[in-house]
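Visitor: Supplied in structure tokens, the structure appears directly below.
The values are calculated or read from the model by the stated rules, or taken from the named source; none is laboratory data. Bear in mind the structure is a predicted one, so any value in this text is a computation, not a measurement. All Cβ positions, even for glycine, are placed from backbone atoms using ideal geometry, and neighbour counts span all protein chains on display.
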Amino acid sequence: MLIPELPQFLSQLGGADYKGFIIGLFTITAAVSRPFSGKLADKIGRKPIIYFGVTICTICALLYPLLSTIFGFFMVRLLHGFCAGTAPTANSAILADIVPPNKRGEAMGFMGLLANIGTAISPSLGSFITSHYSLEAMFYVSCFLGFLSWLLIFFVKETLAHQQSLKWYHFNIHAEDVIEPTVIHPATVMFLYTIAFGAVLTISPDISQFLHIENKGLFMAFYTFGSILVRLYAGKVSDKYGRIKVLRWGITLQVIALTCMGFATNATTLFMCIFLYGMSMGIASPTVLAWTIDQTNDTNRGRALATSYLAMELGIGSGAFMAGWLYNNNPAMFAYTFWAAMLPSAVALAFLAYLPNSSSKLVNTN
């Protein structure tokens with residue numbers, strides 16, 4: 001809900017030259033939170049981590065309307081990013097705990113489907129509220145939705161069998177808590193193909209305005225519709241034919257979509273390209289998460305997911321900073337920004353071509 005309108009909000013504070021930091025700083029602290037959320041989810045339980053993340057994110061939505069300086073805005077973005085990085089790790093771990101191995105791709109696709117329905121509605125809703133009421137009203141509605149999420153957590157069952165009481169030593173982070181060695185391959189692919197997503201998020205409000213698209217949320221709505229269309233099907237196919245085979249198709253589509261996006265000169269062409277890009281992400285995202293879960297055992301599941309999510313945050317953040325620097329408020333640079341974002345995805349595709357299909361087989365989960 002917030003992303004399409006935050007560039008305008010930052011510009012009102014006098015920070016138009018720092019749009020790349022909106023996504024970039026958010027993902028930096030989200031990345032920092034991943035090792036902590038993964039370790040704590042494996043120690044004290046999945047639900048406490050979700051509660052923490054949702055609570056602080058809801059509070060952050062209340063803080064935005066009170067801001068009057070660029071510094072304050074970015075401080076809240078840092079806090080918002082850190083807390084937003086905690087809940088998805090624990091949420092994915094709960095799902096992985098209760099789903100049989102041969103249904104993991106389908107389950108991750110279903111989880112992503114529900115998330116995408118939210119992201120399909122919320123950007124357009126945020127833009128509608130802002131245009132008909134105010135930015136402040138949009139932030140308050142976001143806070144209310146966060147509160148509803150907090151209430152729904154009561155109905156979620158804790159799935160960690162042996163919970164520990166929170167101790168100070170749980171916050172001691174070691175190298176294996178940051179990078180789970182068994183999931184290096186899926187984490188590498190995750191990092192490479194999410195660089196483009198950070199770039200797309202960063203410049204989507206500006207290219208929408210440049211092409212005279214009144215509702216800036218429509219850009220992400222078309223992305224989300226494309227993602228929704230294929231998520232469940234892609235997850236089932238990866239359960240049957242293997243993660244790497246499906247990822248090759250998904251990232252090939254991503255390379256094509258980003259290349260064509262650079263040639264978009266009108267709203268219709270742009271929407272067609274972003275729809276294809278959404279389809280590519282709908283194929284890749286549940287597949288790479290299922291691949292992550294396949295490669296580790298039950299004991300380190302939260303840590304493994306945290307490693308892949310860390311790679312995702314680093315990819316999105318890198319793409320956001322790259323896009324902010326390359327685009328630099330110059331519409332003539334839209335095409336070059338999309339093409340630069342496409343290159344890491346092409347590298348991911350080459351990496352997957354090098355990997356044998358057998359490298360994504362399920363490991364012993366005991």
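Visitor: What is the one condition in (1) buried (at least 18 other Cβ atoms within 10 Å of the Cβ); (2) among the acidic types (Asp, Glu); (3) in a loop (DSSP other than H, G, I, E, B) that GLU158 does not satisfy?
Guide: Among (1) buried (at least 18 other Cβ atoms within 10 Å of the Cβ); (2) among the acidic types (Asp, Glu); (3) in a loop (DSSP other than H, G, I, E, B), the lone unmet condition for GLU158 is (1).
Visitor: May I pose another question? Examine the range 75-88 for a residue that is in a helix (DSSP H, G or I), among the polar types (S, T, N, Q) and touching a residue at least 24 places away in the same chain (Cβ under 8 Å), and state whether such a residue exists.
Guide: no
Visitor: Cβ-Cβ under 8 Å, sequence separation 6+ or interchain: first residue in the range 56-70 and within 16 Å of GLU5 (Cα to Cα), partner small (Gly, Ala, Ser) and not in a helix (DSSP H, G or I). Which pairs?
Guide: ILE70/GLY14; ILE70/GLY15
Visitor: What is the one condition in (1) at pLDDT 90 or above; (2) in a helix (DSSP H, G or I); (3) not charged (D, E, K, R) that PHE263 does not satisfy?
Guide: Going through the list (1) at pLDDT 90 or above; (2) in a helix (DSSP H, G or I); (3) not charged (D, E, K, R), PHE263 breaks only (2).
Visitor: Would you mind stating whether LEU289 is surrounded by 19 or more Cβ atoms within 10 Å (Cβ to Cβ), touching a Ser or Thr at 6+ places or on another chain (Cβ under 6 Å), at pLDDT 85 or above and assigned to a helix (DSSP H, G or I)?
Guide: no
Visitor: Separate question: Being surrounded by fewer than 24 Cβ atoms within 10 Å (Cβ to Cβ) and aromatic (Phe, Trp, Tyr) narrows it down to one of TYR233, TYR277, so name that one.
Guide: TYR233
Visitor: Looking at LEU229, LEU211, LEU247, which is the one that is farther than 24 Å from TYR18 by Cα and touching a Leu at 6+ places or on another chain (Cβ under 7 Å)?
Guide: Numbers: LEU229 fails: touching a Leu at 6+ places or on another chain (Cβ under 7 Å); LEU211 fails: farther than 24 Å from TYR18 by Cα.
Step by step, each of LEU229, LEU211, LEU247 is checked, and only LEU247 is farther than 24 Å from TYR18 by Cα and touching a Leu at 6+ places or on another chain (Cβ under 7 Å).
Visitor: For ASP42, indicate whether it is modelled with pLDDT under 85, outside any loop (DSSP other than H, G, I, E, B) and surrounded by fewer than 19 Cβ atoms within 10 Å (Cβ to Cβ).
Guide: On the way: modelled with pLDDT under 85: yes; outside any loop (DSSP other than H, G, I, E, B): yes; surrounded by fewer than 19 Cβ atoms within 10 Å (Cβ to Cβ): no.
Answer is no for this residue.
Visitor: If you don't mind, another one. Taking the range 177-195 as the region of interest, how many residues are under 15 Å from ALA41 (Cα atoms) and part of a helix (DSSP H, G or I)?
Guide: Qualifying residue count, the range 177-195: 2.
Visitor: Sticking with this one: Among the numbered conditions (1) among the aromatic types (Phe, Trp, Tyr); (2) within 16 Å of the chain's Cα centre (by Cα); (3) at pLDDT below 90, tell me where TYR193 comes up short.
Guide: Looking at each condition in turn, TYR193 falls short on (3).
Visitor: Let me ask another. Can you name the condition, by its number, that LEU66 falls short on among (1) surrounded by fewer than 17 Cβ atoms within 10 Å (Cβ to Cβ); (2) modelled with pLDDT of 85 or more; (3) within 28 Å of TYR223 (Cβ to Cβ)?
Guide: (3)
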